[in-house]
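J.: One structure, as structure tokens, below. Some questions next.
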Amino acid sequence: PGLLQSVILKVQSRDSSGLLPFEKVDSSLLTSRIAAAFRDSLEKNGSPLPFSIVNPEQNSREEQAAIVTATASSILPSSPGYQARLSDYRPYLLKKISPQILFSLLLVSLTVGAFLLIYRNLQQQQRLAEMRSGLISNITHELKTPIATVSVAMEALENFNALNDPARTREYLDISRSELNRLSILVDKVLKTAAFEQQGLELQPETLDLRQLTEETLSYLKVHFEKTGAGVRLACEGEDFTLQADRIHLTNVLYNLIDNALKYSTGKPQIEIRLQNGPEELQLSVKDAGLGIPPEYQSRIFDKFFRVPQGDEHDIKGYGLGLSYVAKVVDKHHGRITVQSAPGKGSRFMVFLPKMYTPGK
């Protein structure tokens, strides 16, 4: 009650000066003056709270939610003292502490957000570690198979007089050459991906015919089509399919998309390749009737090392590098690639390439 006590002393000292000893001060008038002085003091202190000045002897306890100060003593013998009743203090207190509350909520939100971000990153790191572990296991499996095959072929040539049989010798050499080619493709994919990560993809653009390039790529894959019994159809809408692009990288894009269509098809693959001539860009699409891609994985198929889970990890050979490479090449040509797919209904990859290549665009 320090503030109330000082107010009472000032008011009573002022009002009692000049009074005779037997004269009394009007208590109601004195109370109103104390209230006015107390209100002025609160406003000066920045605390304009609603209050009432009460006599401790007449103070009721009906307002349970009110704050009542301790009794401030009076200098007048006829007055028992006064109390200040603060009845509506909650809005004022809330206003005073609202910055601290908001700051605390902000800190809590930031803490929760940071925790969720860390948790999400940990989950992503765990998934990435699992993917890398699966990749290493898959590559190890892929490396061991051709090495074992070549070793057996060499052993047969050495120990079973296969050199005396030219046909068998040629067969073993063809097997060895094929397996070594598989090793070369794997190493080449890994090295290319590493080079793209470190140095970026460099293009050597030239004017070429996309239709002719597609037909050449299909001729290279003829043996694969015959081996798998694949049915391949090339459809062209338009006449001129000339564009500026890197021949080697664009050939690899075609090879990877067609190779994926072969690998992820069931039974005898049915592949449709379509070329469309637009005003400013060419569209290449490769469609298959294979396994399809679940919607939850379609946004991740162009990530490096990502492979759509298929249950048995070695059922479908691959390293999770092909589509990542394709996406990088298409992006470097200032094009775009999209996919339409549904489980059990196959996939359709669409590549859009500008006819004119603009370096540094």
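J.: Between Gln276 and Ala148, take the C-beta separation as r, use R0 = 45 Å, and let me know the FRET efficiency to the nearest 0.05.
T.: On the way: r = 45 Å, r/R0 = 1.01.
Computed FRET efficiency for Gln276 and Ala148 comes out at 0.50.
J.: Can you tally the net charge around Ser347? Count Lys and Arg as +1, Asp and Glu as -1, for every other residue whose Cβ sits under 10 Å from the Cβ of Ser347.
T.: Working: positive: Lys287, Lys345, Arg348; negative: Asp288.
Local net charge: +2.
J.: Follow-up question, since we're still on this one. Please give me, ordered by residue number, the GluC sites (Glu not before Pro) of the range 196-291 that lie in loop per DSSP and have at most 15 other Cβ atoms within 10 Å. Don't skip to the answer; put the middle values down first.
T.: Working: sites: Glu197, Glu202, Glu206, Glu215, Glu216, Glu226, Glu237, Glu239, Glu272, Glu280, Glu281; in loops: Glu202, Glu239, Glu280.
Passing sites in the range 196-291 are Glu202, Glu239, Glu280.
J.: Just list whichever of Lys222/Lys345; Lys227/Lys355; Lys268/Lys332; Lys268/Lys355 have alpha carbons separated by over 30 Å in the model shown. If you can, show how the numbers build up before the last one.
T.: Working: Lys222/Lys345 25 Å; Lys227/Lys355 35 Å; Lys268/Lys332 34 Å; Lys268/Lys355 34 Å.
Among Lys222/Lys345; Lys227/Lys355; Lys268/Lys332; Lys268/Lys355, the Cα-Cα distance tops 30 Å for Lys227/Lys355; Lys268/Lys332; Lys268/Lys355.
Taken together, the values in this text are just the output of simple stated rules run on the coordinates, not laboratory data. Computed from a predicted model, the values in this text were never measured in an experiment. All Cβ positions, even for glycine, are placed from backbone atoms using ideal geometry, and neighbour counts span all protein chains on display.
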